[in-house]
Amino acid sequence: MILSELWRLYETDKRIQGFSPKTLKASALQHKMLMKELGDLDITEITLTLLKEYLAKQSNRLKPASREDNCRALFVTDTHPSRRMAIPTIRWALKRLAGRGELEVNLYPHRFRHTYACQLSHFGYSAL
């Protein structure tokens, strides 16, 4: 079986499972990049070494999996207290909390930054 046939089967399976169009699009992009680099090989020709070399070449184009700083996270997940909470998850949680508190203000993460900067300015600190 060649790579393109495998991709068609994989994509069909994921559509049946109900994967979102965005997820399917991301997978299609990854497949396209792989096909451009390796060609339409028979899957028996694809080795771990070949995949590692491909990933090494593509690493600068791939999104990093984690931050490489030592800053502690302000917002963390319940299930993984050492993992940073994603920005969309923070927005969702803030809106949910605002709804519980019956706040009539549009609440979003950047508002905290703005409020903090205003308070610093009020107390005579430079915002820079």
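The values are calculated or read from the model by the stated rules, or taken from the named source; none is laboratory data. Fair warning: this is a prediction, and the values are worked out from it, not measured in the lab. All Cβ positions, even for glycine, are placed from backbone atoms using ideal geometry, and neighbour counts span all protein chains on display.
Only one residue in 11, 37 is among the acidic types (Asp, Glu), under 20 Å from residue 59 (Cβ atoms) and surrounded by 12 or more Cβ atoms within 10 Å (Cβ to Cβ), so which one is that? Outline the logic, then answer.
Working: 11 fails: under 20 Å from residue 59 (Cβ atoms).
The conditions single out 37.
Pick from region 28-39 the residues that are over 10 Å from residue 6 (Cβ atoms) and not hydrophobic (A, V, I, L, M, F, W, C): which of them is farthest from the chain's Cα centre (by Cα)? Please lay out each step first, then the result.
At the first step, the residues of region 28-39 found to be over 10 Å from residue 6 (Cβ atoms) are 28-30, 32-39.
Filter once more, keeping what is not hydrophobic (A, V, I, L, M, F, W, C): 30, 32, 36-37, 39.
Values: 30: 15, 32: 20, 36: 24, 37: 24, 39: 27 Å.
Looking at residues that are over 10 Å from residue 6 (Cβ atoms) and not hydrophobic (A, V, I, L, M, F, W, C), I get 39.
Residue 19 passes all but one of (1) in contact with a helix residue (DSSP H, G or I) (Cβ under 6 Å, 6 or more places away or on another chain); (2) aromatic (Phe, Trp, Tyr); (3) at pLDDT 80 or above; which number fails?
The one condition residue 19 does not meet is (1).
Identify all residues within region 17-59 that are among the aliphatic types (A, V, I, L, M) and touching a residue at least 40 places away in the same chain (Cβ under 8 Å); write none if there are none.
Of everything in region 17-59, those that are among the aliphatic types (A, V, I, L, M) and touching a residue at least 40 places away in the same chain (Cβ under 8 Å) turn out to be 43, 46.
Only residues that are among the small types (Gly, Ala, Ser) and not in a loop (DSSP other than H, G, I, E, B): list them for region 77-128, please. Can you show your working first?
At the first step, the residues of region 77-128 found to be among the small types (Gly, Ala, Ser) are 82, 86, 93, 98-99, 101, 117, 121, 124, 126-127.
Those that are among the small types (Gly, Ala, Ser) and not in a loop (DSSP other than H, G, I, E, B): 93, 98, 99, 117, 121.
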